[in-house]
Amino acid sequence: MKRAFYEWGAITTSALALFCFGYWVVLLYAPRASVEVFLPLGHWKSTQVVASSGTITINNRYGSIEDIEEVLKYANVNPPLTSKTRWAAPGFLYQSIDWGGQLTWSLQFSLLIPAVLMALAAAFFIHGYLRVRREAIRLLISKSRPKGQTAAAAGF
């Protein structure tokens, strides 16, 4: 059971890592490969997912990133902002504003982030698979030899 878990984990995460990296390269060099999808999730039942220029952008509704940028340009807005959040790191940006009881958010990240995470997960699964396989081979060899031969092979 362990072997199957590690084996299929390694296969799945390796494939996802290759897909994310490959799609990142394709999005950088082929603008026609851009995708825009609406998912029936969230308050508005129209979560927008856009893949372009090597990044994935997820908005809670259509045009929310433009709304956030427009509202943050001004010091005074009506109704007033109750909260604004911005988290940024290389290849990652999360922005949200809450104004008038309405939360608007946008998440943007590079496809290299999930590619690297999947590659790390694949390394974990491959290491686990090799360890379980090594133990199984060692157990098989020790069961296949009679006890006298095992001691003689060990040099006793």
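Once you keep just the Cα pairs under 8 angstrom separated by 6 or more residues, what percentage relative contact order results for the stretch 74-113?
Across the stretch 74-113, relative contact order equals 33 percent.
How much solvent-accessible surface does residue 105 expose, in Å² to the nearest 10, with a 1.4 Å probe and all protein chains in place?
Rounded to the nearest 10, that gives 70 Å².
Determine, from the Cβ-Cβ distance of residue 73 and residue 103 and an R0 of 25 Å, the FRET efficiency 1/(1 + (r/R0)^6), rounded to the nearest 0.05.
After rounding, the FRET efficiency stands at 0.85.
Suppose the chain between residue 26 and residue 145 were pulled fully straight at 0.36 nm per residue; how much longer would it get relative to their current alpha carbon spacing?
Extending this stretch completely gives an extra 37.4 nm.
Taking the Cα centre of the chain as origin, sum charge times position over the Cβ atoms of Lys and Arg (+1) and Asp and Glu (-1), and report the length of that vector in debye to the nearest 20.
The calculation lands at about 1320 debye.
Given labels modelled 7 Å from the Cα in the Cβ direction, how far is it in nm from residue 85 to residue 2?
Taking the two extended label points, one gets 4.0 nm.
Could you please put 58, 11 in sequence from largest to smallest accessible area, using a 1.4 Å probe?
The ranking, largest first, comes out as 11, 58.
Between 0 and 90 degrees, rounded to the nearest ten: what's the tilt of helix 2-29 against the longest Cα principal axis of the chain?
40 degrees
Per residue, how much accessible surface does the chain expose to a 1.4 Å probe? Answer in Å², no decimals.
Result: 70 Å² per residue.
For residue 143, list the lysines whose Cα falls under 22 Å from its own Cα; do not include residues on the same chain fewer than 8 positions away.
Straight-line reach from residue 143, under 22 Å: 2.
Students often get this wrong: which residues of the stretch 40-76 have the backbone nitrogen under 15 Å from the point 7 angstrom along Cα-to-C-beta of residue 94?
57-60, by backbone N distance to the label point.
Sorting 29, 6 by accessible area (1.4 Å probe), largest first, what list results?
29, 6
Of 93, 111, 139, which has the most accessible area and how do the rest follow, probe 1.4 Å?
Ranked list, largest accessible area first: 139, 93, 111.
As I understand it, the dipole of the chain uses +1 on the Cβ of Lys and Arg and -1 on the Cβ of Asp and Glu, about the Cα centre. Which of 137, 119, 5 lies farthest toward its positive end?
Towards the positive end, the residue furthest out is 137.
Could you run the Karplus curve 6.51 cos²θ - 1.76 cosθ + 1.60 with θ = phi - 60° over the stretch 104-115 and give me ³J(HN,Hα) per residue in whole Hz, x for Gly and Pro?
Once rounded to whole Hz, the list reads 10, 9, 8, 10, 10, 8, 6, 5, 5, 5, x, 5.
The values are calculated or read from the model by the stated rules, or taken from the named source; none is laboratory data. Not measured: the values here are computed from a predicted model. Don't worry about glycine lacking a Cβ; one is built from the backbone with ideal geometry, like all the others, and counts go over all protein chains shown. Note: accessible area is taken over every heavy atom of the protein model, side chains too, but ligands, DNA and RNA are not part of it. Shrake-Rupley method; radii C 1.70, N 1.55, O 1.52, S 1.80 Å.
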